[in-house]
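The values are calculated or read from the model by the stated rules, or taken from the named source; none is laboratory data. Please read all numbers here as calculations on a predicted model, not as lab measurements. Cβ placement follows ideal geometry from the backbone for every residue including glycine, while neighbour counts extend to all protein chains displayed.
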Number of protein chains: 2
Amino acid sequence: MKIMRIDVGANGGPKVVESGLGEYEGFGGRGLTSAIVSREVPPDCHPLSADNKLVIAPGLLSGTTGAMTGRISIGCKSPLTGTIKESNAGGQPAQVLARLGYAAIVLEGKPKTDDLYVIYINKDGVKIETDNSLKGLANYDLVEKMKQRYGDKIACISIGPAGEMKMSAASIACTDMELRPTRHAGRGGVGAVMGSKQVKAIVLDDTGMRMREPKDPEKFREANKKFVEGLRNHPVTGKGLPAYGTDSLANIINEAGAYPTYNFKQGRFEGTAKISGEELAKIEKERGGSPTHGCHRGCVIRCSGIFHDKNGKYLTKQPEYEAVWANGANCGIDDIDAIALIDFLCDNYGLDTIEMGVAIGVAMEAGIIPFGDAQGAINLLHEVGKGTHLGRILGNGAAVTGKAFGVERVPVVKGQALPAYDPRAAHGIGVTYATSTMGADHTAGYAIAQNILKVGGYVDPLKPEGQVELSRNLQIATAAIDSTGMCLFIAFAILDQPETFQAMLDMINAFYGWNWTADDFTEYGKKILKMEREFNSRAGFTKEHDRLPRFFKVESLPPHNVTFQVADEDLDKVFAF
Amino acid sequence: MKIMRIDVGANGGPKVVESGLGEYEGFGGRGLTSAIVSREVPPDCHPLSADNKLVIAPGLLSGTTGAMTGRISIGCKSPLTGTIKESNAGGQPAQVLARLGYAAIVLEGKPKTDDLYVIYINKDGVKIETDNSLKGLANYDLVEKMKQRYGDKIACISIGPAGEMKMSAASIACTDMELRPTRHAGRGGVGAVMGSKQVKAIVLDDTGMRMREPKDPEKFREANKKFVEGLRNHPVTGKGLPAYGTDSLANIINEAGAYPTYNFKQGRFEGTAKISGEELAKIEKERGGSPTHGCHRGCVIRCSGIFHDKNGKYLTKQPEYEAVWANGANCGIDDIDAIALIDFLCDNYGLDTIEMGVAIGVAMEAGIIPFGDAQGAINLLHEVGKGTHLGRILGNGAAVTGKAFGVERVPVVKGQALPAYDPRAAHGIGVTYATSTMGADHTAGYAIAQNILKVGGYVDPLKPEGQVELSRNLQIATAAIDSTGMCLFIAFAILDQPETFQAMLDMINAFYGWNWTADDFTEYGKKILKMEREFNSRAGFTKEHDRLPRFFKVESLPPHNVTFQVADEDLDKVFAF
């Protein structure tokens, strides 16, 4: 495997240098992006400057015949948080990039002109084209153009207008199996960094390339088979997620009183039934979409789906639980068609659905539009896409929106919006939000599993006890899983089923000829977290930043009327390993 | 002396409680604001929340017959920087408030309604009136209304629309001897905190009150006489400042190559002669204004002036050097009438002239309007005053403006805009910008004196050597001076003339019956800095925040073609005392 470095600021235009993995041998996915960023990016640099690097890395097992290995990690210093960032997406690019032989693409430097570039990589090598006609193009139109130009065997990594405008809520889009830009590295404004490098799209075509070959093909095949069985047997990965998708959580989290509503003012939303996964699945079936669909080749969970509009025409992929929540309950909106349209608009303009929903919730708190105003929220999204001044505010996320409008209740940690679980009614996820190296991020240590879903054990969500240890263990495991290229949803099965966890280890060992034990896997996760923490520390982050906004400690949340009760001193123990 | 605490969030409306100084005995001005904020405000609170407090404190010698004692300190947790903040202003309120017997007014809590309050204090006590008819009023109109209502013996402390809108660049206006709102606690967004307390104005009338009486009136009179002689004898305080005001620096700093131009791209501006103090004085004389005028009773330096427009009508007070620079050279504008109008607009809307000029410079860098576009800059100020979306961006300062428009070169430290001296060509002030407890602030340790003016010694401005010690000593002395109520400009004389420094000490000792030595004065300064640093540390600030933006270290500044060269390790030694 090779690393392709592209210096977009070189004299005479972008310059490509390829090398082996060298000191980064053994790293993949998040491990590799965080290793490169922490070693090579000055922690005090401006995230939009030449000093920052955008690292795009498939996981250790991406590009193999292994199931669930289609996740890609995109890392940099985040313009949203100022921390190190790994933003993770599904779709096709991870598999294709890995099969092309690349462990990472690293975009470096800053162009001296305002040209916009397209990077095309296939079996014959890399071509970088200047194409200023693509300026301002939304993701769907862009991908259509790329298809016309490069054929339909491609996978695209691209930014929309938000990334070009270097907005801190800008995402990077990855195309799915239908060559639609629906899977996003959403969090942390990675799209703004790609925009600052003036790269509109990376187009990948692995035609003529073979699957990556394991060291021990037989063992690998065997382990993969067991692994897939494990996923199929577990109720979450085998039944819940395929049938109703991630939004099956809406009713569950609402019932638990942890569904943040009206900008985190209450834990239950009266309109939940109308925006639940069950409702989504029903509508998708009725309108000729699909409630069960994978986002990349090799997915056996297939938690996604296809959402059609009222006329039976494709509108967007099945909106994820967090996207539905952010632009639904959080904004007091119960119109699922409006939410699906917002999902499409975010994908098309290239925006993080979570950050946008929370920013709009803050704007609602400021009185810009009333809570519940679905058409108003849609209009705001268009303001962002057009880059109006209001759009510039919202498109830079909840923290900037709060600052612009003088709002006190702004649910962010390290500048990043809190996702779809109220930390007061799910203390474990609150510990993750507060302490994650990434800013508030549910995927960094998904304690909802134990707090509410009772997967991998049970820890009472309303009490502080046991949450620090829970979040710590999850954050460690997650850092390791995010490096494999595997979808994080495998965690449900490997947490509950030791034999499925072992099968995953066997896959890694058979592929690389390693002898990883469960402890080695844990150590790998710890090593990644330590690199990330160390970068953040050099960037000026301290324990005082590992805190939820004060209002979570003083405002109690109905219906349980609880505040967040984990003591600061305990939060400081999360990384004591 | 008493402390008046007003809980604006009390049931049934604001509630007043008065007490003695208690544990704060011996503190005044900045010492008192920083003591109260550091002890009473939770460092993790939102600056616009009920937990924050706005502390308004005249200095130790304010309200006496002592010369130069008319400075007021306004402290809180800053919405601009997130640090502790003391913002310092001239004008009449310090003297009047002290004569009314108050060492401080503390605004606490947060109203439950959206009512707007006026606080009126005279010899008979305090009255708090609800007056929603004042909403949105600019400072000049507001003061006019207060005059009609309360007579012309008053002094006002007020906010304009920017403070009501809780913008992070909002100032607090203090009226001058002509009862005009021209002297501002400009920095750090203190106006937003007053806005969050929903206090539009504090109106003070000391009619019937006497001067504060020294313990030893004879000694005090004698010391004051010597002090005044010292000020009159020094070339800066006796000649330069009275004749040409602070903007006499324009030619000097430009000549030194330290005059930041076009958003800190070069150190000399081709239009400097047209916006210099000499030009200002000439115009002021020609048009019937005045180049020599004090901002408060008891001022013997009289560095201010009165600026008339082309029709000979009052427009604004003589714009200060920093205001002229920020909205002049920094924006490539050499039209002094436009700059004076911007000065008036900032005073009227209630905005920090420095933060606004730098924010507009960043907007120019983003291409919103071109550099040099004076009418464009005026229009932008009106956007802020009207609270349009663009105005919401600019009115929240340079950092938010940079974020909104994806600009990399944003000259701020701890979120506060750098003032009028480029740190690359005046390394001492760079150390102050980087390390001050307040964010970038020239007044916190004015090394320009030794770097360029050769007052109080000489330290080569282009080299890193000696700058840390210089800044350290100045920051300590400044913290102490800012507590006396004395204007910082006395520093020119007391740095050069030991007998003038001794006279100042004698004034304090004669007034309070103390026995302060020079060392005691230094220890007092250190004590204040330590409280401030400790608050900031608990708020999450570390040595990594005591840094200039990276571009000052890598981009060299013409004409000297220098970068900022003080090593990080040396910056970390500033507070090693």
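Find the residue count for region B:507-538, including only residues that are surrounded by 21 or more Cβ atoms within 10 Å (Cβ to Cβ) and within 11 Å of chain A (Cβ to nearest Cβ).
Residues meeting the conditions: 1.
Against the definition (out of contact with any helix residue (DSSP H, G or I) (no Cβ under 8 Å at 6 or more places or on another chain) and among the aromatic types (Phe, Trp, Tyr)), how does B:Tyr321 come out, yes or no?
no
Scanning region B:227-276 for residues that are assigned to a loop (DSSP other than H, G, I, E, B) and small (Gly, Ala, Ser), which turns out nearest to the chain's Cα centre (by Cα)?
For region B:227-276, the residue satisfying everything is B:Gly245.
Need at least 3 residues that are touching a residue at least 12 places away in the same chain (Cβ under 8 Å), under 27 Å from B:Val400 (Cα atoms) and more than 22 Å from the chain's Cα centre (by Cα) per element, so show me which helices (runs of 4 or more DSSP H) inside region A:328-391 make the cut, counting only ones lying wholly within it.
Correct list: A:353-365, A:374-386.
Does region B:432-443 contain any residue that is assigned to a helix (DSSP H, G or I), away from chain A (no Cβ under 14 Å) and under 15 Å from B:Phe551 (Cα atoms)?
Yes, that holds for at least one residue.
Residues are listed down the side, and each one gets a yes or a no for (1) under 22 Å from B:Arg268 (Cβ atoms); (2) not aromatic (Phe, Trp, Tyr):
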{"site": "B:Gly332", "(1), (2)": "yes, yes"}
{"site": "B:Asp347", "(1), (2)": "no, yes"}
{"site": "B:Thr353", "(1), (2)": "yes, yes"}
{"site": "B:Asn379", "(1), (2)": "no, yes"}
{"site": "B:Lys414", "(1), (2)": "no, yes"}
{"site": "B:Ala417", "(1), (2)": "yes, yes"}
{"site": "B:Tyr421", "(1), (2)": "yes, no"}
{"site": "B:Arg424", "(1), (2)": "yes, yes"}
{"site": "B:Asp441", "(1), (2)": "no, yes"}
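If you go through region A:259-272 one residue at a time, do you hit one that is buried (at least 23 other Cβ atoms within 10 Å of the Cβ), in contact with a helix residue (DSSP H, G or I) (Cβ under 6 Å, 6 or more places away or on another chain) and under 22 Å from A:Ala493 (Cβ atoms)?
No, region A:259-272 contains no residue that is buried (at least 23 other Cβ atoms within 10 Å of the Cβ), in contact with a helix residue (DSSP H, G or I) (Cβ under 6 Å, 6 or more places away or on another chain) and under 22 Å from A:Ala493 (Cβ atoms).
Listed residues A:His382, A:His389; which is at pLDDT 95 or above, at the interface with another protein chain (Cβ under 8 Å from one of its Cβ atoms) and surrounded by fewer than 21 Cβ atoms within 10 Å (Cβ to Cβ)?
Every option except A:His389 fails the conditions.
Could you please let me know if A:His293 is in contact with a Lys or Arg (Cβ under 7 Å, 6 or more places away or on another chain) and buried (at least 17 other Cβ atoms within 10 Å of the Cβ)?
Yes.
Return yes when B:Ile360 is at pLDDT 95 or above and buried (at least 20 other Cβ atoms within 10 Å of the Cβ) and no when it is not.
yes
Name the one entry in A:Gly151, A:Gly160, A:Gly125, A:Gly238 that is of a type in the set (Gly, Ala, Ser) and under 23 Å from A:Leu61 (Cβ atoms).
Just one listed residue meets the conditions, A:Gly238.
Can you spot a residue in region B:405-425 that is surrounded by 24 or more Cβ atoms within 10 Å (Cβ to Cβ), within 14 Å of chain A (Cβ to nearest Cβ) and among the hydroxyl-bearing types (Ser, Thr, Tyr)?
no
Restricting to region B:392-404, give me the number of residues that are of a type in the set (D, E, K, R) and either more than 8 Å from chain A (Cβ to nearest Cβ) or touching a residue at least 40 places away in the same chain (Cβ under 8 Å) (or both).
1
Mind listing whichever residues of region B:489-515 are more than 15 Å from B:Arg232 (Cα to Cα) and hydrophobic (A, V, I, L, M, F, W, C)?
Hits for region B:489-515 are B:Leu505, B:Met507, B:Ile508, B:Ala510, B:Phe511, B:Trp514.
Given the options B:Arg183, B:Arg187, name the one that is crowded, with 23+ Cβ neighbours inside 10 Å and under 30 Å from B:Val562 (Cβ atoms).
Only one candidate passes the filter, namely B:Arg187.
Report yes if some residue within region A:333-346 is within 14 Å of another protein chain (Cβ to nearest Cβ) and of a type in the set (Val, Ile, Thr); otherwise report no.
no
The rows are residues; the columns are (1) assigned by TED's automatic domain parsing to the domain that holds A:Met165; (2) out of contact with any Asp or Glu (no Cβ under 7 Å at 6 or more places or on another chain); (3) closer than 25 Å to A:Ser556 by Cα.
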{"residue": "A:Asp352", "(1), (2), (3)": "no, yes, no"}
{"residue": "A:Ala363", "(1), (2), (3)": "no, yes, yes"}
{"residue": "A:Ala366", "(1), (2), (3)": "no, yes, yes"}
{"residue": "A:Gln375", "(1), (2), (3)": "no, yes, no"}
{"residue": "A:His382", "(1), (2), (3)": "no, yes, no"}
{"residue": "A:Leu390", "(1), (2), (3)": "no, no, no"}
{"residue": "A:Gly402", "(1), (2), (3)": "no, yes, yes"}
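Taking region A:405-456 only, how many residues are touching a Gly at 6+ places or on another chain (Cβ under 6 Å) and more than 15 Å from A:Val358 (Cβ to Cβ)?
Number satisfying all stated conditions: 6.
If I ask for residues that are among the hydroxyl-bearing types (Ser, Thr, Tyr) and surrounded by 23 or more Cβ atoms within 10 Å (Cβ to Cβ), which ones from region A:4-56 would you list?
A:Thr33, A:Ser34
Which number in (1) at pLDDT 95 or above; (2) over 29 Å from A:Lys414 (Cβ atoms) marks the one condition that A:Ala243 misses?
Of (1) at pLDDT 95 or above; (2) over 29 Å from A:Lys414 (Cβ atoms), only one is false for A:Ala243: (1).
Hey, any hits in region B:182-204 for a residue that's more than 14 Å from chain A (Cβ to nearest Cβ), over 25 Å from B:Gly75 (Cβ atoms), in a loop (DSSP other than H, G, I, E, B) and out of contact with any Pro (no Cβ under 7 Å at 6 or more places or on another chain)?
Within region B:182-204 (the criterion being more than 14 Å from chain A (Cβ to nearest Cβ), over 25 Å from B:Gly75 (Cβ atoms), in a loop (DSSP other than H, G, I, E, B) and out of contact with any Pro (no Cβ under 7 Å at 6 or more places or on another chain)), the answer is no, since none of the residues qualifies.
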